[in-house]
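Notes to accompany the following structure.
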């Protein structure tokens, strides 16, 4: 598949919306992380503003490890001019050494293991079915646009730095495919077909009877994301629904934000959310996104 110059420009616009959506979902959800829906209703009625706070006591617009790790991968790809797992691992190691405000236990163990041993793939573990690999899939999805085989290789390589579990692997691939198909103009039924494929391969992901759990367990994370993405009609409704489920709300918000951002594009974003986001993050995602798309098989083969 090749694209012309105007189509490529439109694709970059949608890709920027996906990265911006990730960061917005992260910043919005950080406020309600680890709260229950009842606690959120008691404190906020409906949480719909980027106000910071939460258990991390963030300033309004600040992001957490979801966006920060995604930026690490994006910077590594940009610096290498392509895919280098060693470069990705080094960026994540430098990030961990910087003492970030938030890092999940599984991610911390995996990156620490790399720092100590240089090993680029951790052994399989029953404890690795968390959402920490899927939440940082966006730069991989952008860089591998136009080559599904490359998507699979890069997705699993980056995932297994910290998470080596079949459910995490499957989630990373599905999130990557959803973002890519949405960027390329897939409609809602076409995207839902990918979710059905995931459920057919791994029945635990079935979400017909959504129970409202939104933990860091990757099954519950994606069930929450899918429930609100397919059950709402715009970006704001989707993210508001997701983060008001509480639980691991920064990550459910980030994953929902990247998929919904790719699907709706930022024309549908509430302006007050965009303005409230950390301007440094906003500027870096804007710049890196274009470079990732231009490095991709689809972007590098564009005509015009």
Within the stretch 1-12, restricting attention to residues that are part of a helix (DSSP H, G or I) and at pLDDT below 95, which residue is surrounded by the most Cβ atoms within 10 Å (Cβ to Cβ)? 8
Have a look at 167, 145, 116, 161 and point out the one that is within 19 Å of the chain's Cα centre (by Cα) and not in a loop (DSSP other than H, G, I, E, B). 167
Can you give me the number of residues within the stretch 187-210 that are part of a loop (DSSP other than H, G, I, E, B) and in contact (Cβ under 8 Å) with a residue 12 or more places away in the chain? 3
The stretch 225-237, subset free of Cβ contacts under 8 Å to residues at least 24 places away in the same chain and part of a helix (DSSP H, G or I), residue nearest to the chain's Cα centre (by Cα): 227
Single match in 35, 28 (criterion: part of a loop (DSSP other than H, G, I, E, B) and buried (at least 22 other Cβ atoms within 10 Å of the Cβ)): 35
Specify which of the listed residues (15, 105) is surrounded by fewer than 20 Cβ atoms within 10 Å (Cβ to Cβ), within 20 Å of the chain's Cα centre (by Cα) and either without any contact (Cβ under 8 Å) to a residue 40 or more places away in the chain or within 21 Å of residue 276 (Cα to Cα) (or both). 105
Can you pull out the residues in the stretch 142-168 that are more than 17 Å from residue 180 (Cα to Cα) and either free of Cβ contacts under 8 Å to residues at least 60 places away in the same chain or surrounded by 19 or more Cβ atoms within 10 Å (Cβ to Cβ) (or both)? 158, 159, 160, 161, 162, 163, 164, 165, 166, 167, 168
Have a look at 257, 241, 246 and point out the one that is over 17 Å from residue 183 (Cβ atoms) and assigned to a helix (DSSP H, G or I). 241
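The values are calculated or read from the model by the stated rules, or taken from the named source; none is laboratory data. Being a predicted model, the structure only gives us computed values, none of them experimental. In this analysis, Cβ positions are derived from the backbone assuming ideal geometry, glycine residues included, and neighbour counts consider all displayed protein chains.
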